[in-house]
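Input: a single structure, listed below in structure tokens.
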Amino acid sequence: MHARRVGSERTQAAAEMDARGRFMFEELIAGDYEFYTQVHFTSMADATPRQRRPPIGRQTVTVRDGVEAQITINLDLNADEQQ
């Protein structure tokens, strides 16, 4: 999972998801962020053309100091186009 300020092209933070899909960013300051994730395949040699363009999921969230934010990102592994 990656986080970047809305309007920025630079990633501010990254975190790995656990087996249940949970993650935590502890050092983000309050503000509006785009959170995004991308599927990574272990081997591209046998990947179909669609799999060579792995789907990206995104959600914009307002982060507040001391408040946990819930994020839900759905990835369609059969999508024809990237969002």
Notebook entry, point to check: What are the ³J(HN,Hα) values, in whole Hz, obtained from phi via the Karplus relation 6.51 cos²θ - 1.76 cosθ + 1.60 with θ = phi - 60°, for each residue of the range 25-34 in sequence order, with x given for Gly and Pro?
Noted result: 10, 9, 10, 7, 7, 4, x, 8, 10, 9
Item checked: Whole-Hz couplings from phi, Karplus 6.51/-1.76/1.60, listed for the range 11-24; x for Gly and Pro -> 6, 8, 7, 9, 8, 8, 7, 7, 4, 9, x, 8, 8, 9
Next item on the list: Would you mind calculating the gained length between R10 and Q70 on full extension (0.36 nm times residue separation, minus the Cα-Cα distance), in nm to one decimal?
Entry: 19.4 nm
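Q38 to D18: FRET efficiency via 1/(1 + (r/R0)^6), r the Cβ-Cβ distance, R0 25 Å, to the nearest 0.05?
Details: r = 17 Å, r/R0 = 0.69.
Rounded to the nearest 0.05, the efficiency is 0.90.
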Next item on the list: Using per-residue counts of other Cβ atoms within 10 Å, averaged over each peptide, order 20-26, 64-70 from highest down.
Entry: 20-26, 64-70
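Bear in mind that the values in this text are calculations on the coordinates, not laboratory data. Keep in mind that this is a model prediction, so the values were computed, not measured. Counting neighbours? That spans all protein chains shown, and the Cβs are built from the backbone with ideal geometry, glycine included.
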